[in-house]
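I have placed the structure first, in the form of structure tokens, so that the comments after it can refer back to it.
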Amino acid sequence: MSMPDNYLEYPARRYGMDHDRYEWSDLFKRKPIAWPNGARIALSIVTHVQHFPLDMPSKPFKAPGALSMPYPDFRYYTNRDYGNRVGIFRVLRLLAEKQLKTSFAINGIIAERYPALVQAVIEGGHEIVAHGLDMGKVHHSGLSEDEENRIIVEALRLLRETSGQKVEGWLSPGRAQGFNTPDLLAKNGVTYSLDWANDDLPYEMRTKAGPIVAMPMAYETDDRVVADEYFQSEADWVQQVKDRFDVLYRESAEYGGRVMSLPLHSWVSGMPYRVEYLREALDYILSHEGVWNAPAGDICAAFRSAG
Amino acid sequence: MAAEANPMRSDLGLYDYLPWPNRPKIVWPGNKRIAVWIAPNIEFYEYDPPNNPTRTPWARPNPDVLQYSHRDYGNRAGWQRMMAAMDRAGFRGSVSLNVALCDHHPEIIKACADRGWEFFSHGIYNTRYVYNLDIEQERAIIRDAFETVRKHTGQELAGWLSPALSNNFWTMDILAEAGIQYTCDMFHDDQPMPVKVKSGKLISMPYSLEMNDVIVYNTQKVTPRHYGEIIKRQFDQLYKEGDESGTVMCIPLHPYLVGQPHRIDAFAEAIEYIASHDGVWQTTGREIAEAYHASGAYDAMNAAMSAHNAANATEKGIR
């Protein structure tokens, strides 16, 4: 066996990216961004609110956090659901204490299952971001355009109807997309997505239905990634969040505004033993001058009007 | 994997044994104790790469936008932080380069070249492996790498790290035949060692798995501050032993990992710590290979290995 000769052909070997979604751009050579009121850091807190169906498929891949025990997996089904019953309310209370307005990325099906949860998020003054339909419905290139569109339409419909908000932000389950996803999102009125992990500032992507903004969301300081993939302690998580903030804050003095994103999960940071670590991280960030906290949608709007 | 390319056998067969004590002494330029080199892997992972039956590039179906974008972070943001930290500590880089990056991001290549950094080859893309290639196809990759690096930087390749560390048994022979002086694919020593190849003189250059941020962060999953700590401890030990005979320490990096905001300061502090020692030779892979030959270490190590083999054979005969 050997490989066909076209394995050594590289059709997208050219200047810039090997696709047409966006241009390459050097974070440190861009026109500096000024956030409202001269803020140096836009603090984007995004809490995942998730439903893991008991019968979720394992193909073509499972979203992180997926049920992993033999069916029926009582263990992880209920552990994840804990976040929706209890954990999220701890996070909401802490955010209210700190008077923070943030984003909650919610699986569409949650609006149907737990409208009271969505109400509590709205009453806290937060933004609803669509987090796909549920954690078993991952987006990937094996879906036809119609199949994928139906999932997007349904997720947005449920969240828009229940919340009364426009719901223009999107986070795919597992941050997974297919080739068509940005086109379908833009077509359905989504103006920004949180899936791509390649920047510390918003940037525009091309779609067939006009531009969509890629909003920064940290991958490796996500509470679930640190706890469940790296198996690091809560103290280690807080330290890395602080260190991340310090560098972005320092850079903002020279290079203009930065986005500090803080991805949370109701079933991770909402645990009793973890929520005070979240407080420590927030207190540290908020002790600095020039931190502007806002929902991701507002940060996206500020980026657009600044450009 | 073609059976004739990689027949099953129990020994890699690319180097001879030589115990650490009582080796010929390595003397680095300026009588420095330790050669420290930093090898940033400046990589391009493809959005929609072809599959290779031995290894699928992405865990999820193409496009795996989370992993793709995570790596792209290095080329948009991370490389600048990494480079600034190295500038401050006075380190030049020896770039482990996916050579297609010359086409995609010449701005990054220029910034490295302007600093006098060395480029060595890490294949064309990190999503194209040499598994299942025939020998002529693998030679074509080596030619492409030489030509691309020459065209974009004027440099003649001296070093090689196979793309995603994929290898065939013949790989070392055809690298040496093409004029490559050192390989980074083997981790059996803290000093450069001759590699047994059919032609030319190939050195195995100490690179490192355990100092490599991709192993540290993606496999071992340690914290950034722990990474800073192990870099310093690795250095302390090799610096001490370098008083007897010159050692080599490599720090292999990936800007998408070490260049993250929550990681850069711990790394920066560690390399500043290294640079603060008088007996450190801050150098590049190419310079280490040159010094190894010029000082006679290559020939001395070969002779020592032959003598060790001969002594072993005699002892077996006596038994």
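The values are calculated or read from the model by the stated rules, or taken from the named source; none is laboratory data. Because the structure is predicted, anything quoted here is derived from the model rather than measured. A quick note on method: Cβ atoms are made from the backbone with ideal geometry, for glycine too, and the neighbour counts reach across all protein chains shown.
If you check B:SER69 against the conditions, is it over 28 Å from B:GLN282 (Cβ atoms) and touching a Lys or Arg at 6+ places or on another chain (Cβ under 9 Å)?
On the way: over 28 Å from B:GLN282 (Cβ atoms): yes; touching a Lys or Arg at 6+ places or on another chain (Cβ under 9 Å): yes.
So B:SER69 fits the description; yes.
Is there a residue in the stretch B:254-274 that is modelled with pLDDT of 95 or more, closer than 30 Å to B:ILE108 by Cβ and surrounded by fewer than 15 Cβ atoms within 10 Å (Cβ to Cβ)? Spell out the reasoning first.
If we filter the stretch B:254-274 for residues that are modelled with pLDDT of 95 or more, which is where we start, we get B:254-274.
Filter once more, so that each one left must be closer than 30 Å to B:ILE108 by Cβ: B:254-274.
Pick out the ones that are also surrounded by fewer than 15 Cβ atoms within 10 Å (Cβ to Cβ) and you get B:272.
Within the stretch B:254-274, one or more residues are modelled with pLDDT of 95 or more, closer than 30 Å to B:ILE108 by Cβ and surrounded by fewer than 15 Cβ atoms within 10 Å (Cβ to Cβ).
With the structure loaded, tell me whether B:ARG88 is charged (D, E, K, R) and either in a strand (DSSP E or B) or buried (at least 21 other Cβ atoms within 10 Å of the Cβ) (or both) or whether it fails that test.
no
Hey, any hits in the stretch A:264-278 for a residue that's at pLDDT 95 or above and within 27 Å of B:ASN75 (Cα to Cα)? Give the derivation first.
Step one: list which residues in the stretch A:264-278 are at pLDDT 95 or above, which gives A:264-278.
Within this subset, residues satisfying the condition of being within 27 Å of B:ASN75 (Cα to Cα) are A:264.
Yes, the stretch A:264-278 contains at least one residue that is at pLDDT 95 or above and within 27 Å of B:ASN75 (Cα to Cα).
Answer yes if at least one residue in the stretch B:86-96 is farther than 30 Å from B:MET193 by Cβ and within 8 Å of chain A (Cβ to nearest Cβ), and no otherwise.
No; the residues of the stretch B:86-96 include none that is farther than 30 Å from B:MET193 by Cβ and within 8 Å of chain A (Cβ to nearest Cβ).
Any idea which of (1) among the aliphatic types (A, V, I, L, M); (2) assigned to a helix (DSSP H, G or I); (3) surrounded by fewer than 22 Cβ atoms within 10 Å (Cβ to Cβ) is the one B:MET186 doesn't satisfy?
(2)
Out of A:THR78, A:THR47, report the one residue that is assigned to a strand (DSSP E or B), away from chain B (no Cβ under 14 Å) and within 23 Å of the chain's Cα centre (by Cα).
On the way: A:THR78 fails: assigned to a strand (DSSP E or B).
Testing whether each residue is assigned to a strand (DSSP E or B), away from chain B (no Cβ under 14 Å) and within 23 Å of the chain's Cα centre (by Cα) leaves just A:THR47.
So if I check each of B:ASN98, B:ASN31, B:ASN62, which one is modelled with pLDDT of 95 or more and touching a His at 6+ places or on another chain (Cβ under 6 Å)?
B:ASN98
Taking the stretch A:202-223 as the region of interest, how many residues are at the interface with another protein chain (Cβ under 9 Å from one of its Cβ atoms) and not aromatic (Phe, Trp, Tyr)?
Looking only at that region, the number is 4.
For the stretch A:213-238, how many residues are among the polar types (S, T, N, Q) and out of contact with any Pro (no Cβ under 8 Å at 6 or more places or on another chain)? Spell out how you get there, then give the answer.
Start the filter on the stretch A:213-238 by keeping residues that are among the polar types (S, T, N, Q), which leaves A:221, A:232-233.
Applying the additional criterion that residues be out of contact with any Pro (no Cβ under 8 Å at 6 or more places or on another chain) yields A:232-233.
Summing the residues that are among the polar types (S, T, N, Q) and out of contact with any Pro (no Cβ under 8 Å at 6 or more places or on another chain) in the stretch A:213-238 gives 2.
Looking only at the stretch A:175-182, decide whether some residue is assigned to a loop (DSSP other than H, G, I, E, B), out of contact with any strand residue (DSSP E or B) (no Cβ under 8 Å at 6 or more places or on another chain) and of a type in the set (Gly, Ala, Ser).
Yes: one or more hits.
Could you please find all residues in the stretch B:133-179 being surrounded by fewer than 22 Cβ atoms within 10 Å (Cβ to Cβ), in a loop (DSSP other than H, G, I, E, B) and touching a strand residue (DSSP E or B) at 6+ places or on another chain (Cβ under 6 Å)?
Residue satisfying the conditions is B:GLN155 alone.
Looking at the stretch B:9-33, which of its residues are on the phi > 0 side of the Ramachandran plot and part of a loop (DSSP other than H, G, I, E, B)?
Scanning the stretch B:9-33 gives B:GLY13, B:ASN22.
Of these, A:ARG30, A:ARG40, A:ARG80, A:ARG75, which one is in contact (Cβ under 8 Å) with a residue 60 or more places away in the chain, more than 27 Å from B:GLN67 (Cα to Cα) and basic (Lys, Arg)?
A:ARG40
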